[in-house]
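Working notes for the structure below.
The values are calculated or read from the model by the stated rules, or taken from the named source; none is laboratory data. Note that the coordinates shown come from a computational prediction; the quantities given were computed from them, not determined experimentally. Heads up, the Cβs are rebuilt from the backbone with ideal geometry, glycines too, and the neighbour counts pull from every protein chain shown.
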Amino acid sequence: MNRYLIALGSNQRHVRWGGPRAILRAAVADLATRQLVVEGVSAWTRSRPLGPSLREYANGAVVVRSGLEPREMLAVLQAIEVAFGRKRQGQRWRSRTLDLDIVLWSGGCWADEVLMVPHREFRARAFVLGPAVQIAPRWRDPVSGLTLKHLRARLTRRAPPPR
C-alpha cells in the first residue's frame, strides 16, 4: 500500500457545499469513498493567495493510504476537483473551489511529463507545511532528507537581526 500526503486548498464558495472550510471537509469525505483510507486530517488554516487572486484560502492536509500509483492518484484527485467545480483553464493561481495536490508519496520520488512528487514548491509554502506537520511531522522529504517538522522550522524561523 502507498501513503500520500495531499494538500487541500479552497478560496471560493460553492452552492452545494458552502464556504471554503466546508468544501475542504466535503473533499475529505469524498476521498474516503474512492478506494482511499484517510489516516489523518489536519486542522484548517488560512493563507493569503499567491498570484492574482484576492480571496483568502482555507488550507489543510490529509494523509491517505491506497494501492494506487501516483498517476492513478492524480487522476482521482483531479476527478474530485472537477466534481467540486474546478475548471483547469486560463490563469495560473486563479481563485478555485478546490485544489488537491500530491505533496509526498511513500515511494519517494516520481516524475513524468504530468506529475512530479515531491511537489516542486512545497518546501517554500507555510500553508502546506503547517498543516502537514500536524499529521506527519516525521515524514521525510526524499530529496533533502529533512522531516516536515524540520522543513517548517527552517521556513518559519526568523532571520537574525542585522549587525
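Tabulated data
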| read-out | value |
| --- | --- |
| Of the criteria (1) out of contact with any Leu (no Cβ under 6 Å at 6 or more places or on another chain); (2) modelled with pLDDT of 95 or more; (3) of a type outside the set (Phe, Trp, Tyr), which one Asn11 fails | (2) |
| Meets criteria (closer than 28 Å to Gly108 by Cα, of a type outside the set (Gly, Ala, Ser) and modelled with pLDDT under 95) for Leu50 | yes |
| Any hit, region 28-37, residues being closer than 16 Å to Asp99 by Cα, surrounded by 13 or more Cβ atoms within 10 Å (Cβ to Cβ) and either among the acidic types (Asp, Glu) or at pLDDT below 90 (or both) | yes |
| Residue that is farthest from Val41 (Cα to Cα) [pool: residues in region 117-148 that are among the small types (Gly, Ala, Ser) and surrounded by 18 or more Cβ atoms within 10 Å (Cβ to Cβ)] | Gly130 |
| Any chance Arg138 is part of a helix (DSSP H, G or I), without any contact (Cβ under 8 Å) to a residue 40 or more places away in the chain and not β-branched (Val, Ile, Thr) | no |
| Residue within region 88-101 that is among the hydrophobic types (A, V, I, L, M, F, W, C), at pLDDT 95 or above and assigned to a strand (DSSP E or B) present | yes |
| Pick from region 53-67, criterion at pLDDT 95 or above and surrounded by fewer than 20 Cβ atoms within 10 Å (Cβ to Cβ), ranking: nearest to the chain's Cα centre (by Cα) | Arg65 |
